[in-house]
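This report refers to the structure that appears directly beneath it.
The numbers here are math on the coordinates, done by the rules we state, and not lab data. Since we're looking at a predicted model, the values are computed, not measured. So basically every Cβ, Gly included, is an ideal-geometry build from the backbone, and we count neighbours across all protein chains shown.
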Amino acid sequence: MALQALWLEARGDWDRAHETAQGDQTREGSWVHAYLHRKGGDLGNAAYWYSRAGQPTARGSADEEWTAIVTALLG
C-alpha cells in the first residue's frame with residue numbers, strides 16, 4: 001500500500017495517496033504518511049508520522065525523500 005500511495009501522489013492525487021497511506025498501519029505506511037504531510041506543509045503532523053515510522057524527519061527536498069522511500073521499499 002505504501003508504494004501505491006507514492007504512485008498516486010506522483011500522479012497528482014494527494015487525497016487518494018493520503019487515504020491509502022492512512023490505511024497502511026505498517027512502518028512503511030507511516031513513513032509515506034509522514035512524507036505526504038510534510039509535502040502538504042503540515043510539519044507537526046509529519047513529525048508524528050516520522051516518529052511512528054522510526055524515521056528521522058527528512059531534511060532534503062520532497063523529490064529526494066520520495067526517491068529514498070521508493071528505493072528503500074523496493075530494496
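Remark: the range 23-38, residue by residue, has Karplus-estimated 3J(HN,Hα) of x, 9, 8, 7, 4, 5, x, 5, 5, 5, 4, 4, 4, 4, 5, 4 Hz, where x stands for each Gly or Pro and the curve is 6.51 cos²θ - 1.76 cosθ + 1.60 at θ = phi - 60°.
Need the full-extension length gain, Asn45 to Glu19, defined as separation in residues times 0.36 nm minus the C-alpha distance. One decimal, nm.
Details: separation 26, 0.36 × 26 = 9.36 nm, distance 1.49 nm.
Stretched fully, the Asn45-Glu19 segment lengthens by 7.9 nm.
Here the 3J(HN,Hα) profile of the range 68-75, calculated from phi with Karplus coefficients 6.51, -1.76 and 1.60 at θ = phi - 60°, is 5, 5, 4, 4, 5, 6, 8, x Hz, Gly and Pro shown as x.
When the alpha carbon coordinates of the chain are projected onto the principal axes, the ranges are 26, 24, 24 Å, largest first.
Positive contributions from Lys and Arg (+1) and negative ones from Asp and Glu (-1), summed over other residues with Cβ under 9 Å from the Cβ of Val32, come out at -3.
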